[in-house]
Amino acid sequence: MLIFIPMTVKFLDFWAPWCSPCKMMNPILEELKKEWGDKVEVVEINVDENPSEAQKYGVMSIPTYVIEKDGKEIGRKIGVTSKEELNKLALS
């Protein structure tokens, strides 16, 4: 008997409150969260409050979006990115 275990997809959003491009991306990210539902776990990481996480992922500029499947990085986008690109990356 085969048991299907769905892959865990995480979307890591590295941002900071003072980051203008991050603020520009907020409405897009809110839309994506609603569309993804429980298919993608969105984790928001404030780089000012969590510098060790930013360093761990090698984040040098923000916003940076890292997509992981089953704990392995499968994609990354830096800067203002279209909703379509982020959606494609997270659901591929």
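Every number here is computed from the coordinates shown, using simple stated rules; none is lab data. Keep in mind it's a predicted model, so treat the numbers as computed, not measured. Cβ coordinates were reconstructed from backbone atoms using ideal geometry, including for glycine residues, and neighbour counts include every protein chain displayed.
What the table shows:
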read-out	value
Length-normalised contact order of the chain in % [C-alpha pairs under 8 Å, at least 6 apart]	38
The chain: trypsin sites (Lys or Arg not before Pro) in DSSP loop, at most 15 other beta carbons within 10 Å	Lys39
Full-extension gain in nm, Glu31 to Ser61, via 0.36 nm per residue minus C-alpha separation	8.5 nm
Three principal axis lengths of segment 9-91 [C-alpha, angstrom, descending]	28, 27, 18
Net charge contributed by nearby residues that have their C-beta within less than 12 Å of Glu85 (K/R +1, D/E -1)	+3
Neighbour cut-off at most 16 other Cβ (10 Å), DSSP loop, GluC sites (Glu not before Pro), the chain	Glu49
Whole-Hz couplings from phi, Karplus 6.51/-1.76/1.60, listed for segment 69-78; x for Gly and Pro	10, 6, x, 10, 5, 10, x, 7, 10, 10
Under 5 Å, built H, 5+ apart or other chain: amide partners of Ile45	Asp13, Phe14, Trp15
With Cα atoms, 0 to 90° folded angle of helix 20-36 axis to the chain main axis	20
18 Å reach of a label modelled at Glu44, 7 Å along Cα-to-Cβ, counting backbone N of segment 50-85	50-51, 53-54, 62-67, 79-81, 83
Net charge of neighbours whose Cβ lies under 15 Å from the Cβ of Glu68, counting Lys and Arg as +1 and Asp and Glu as -1	+1
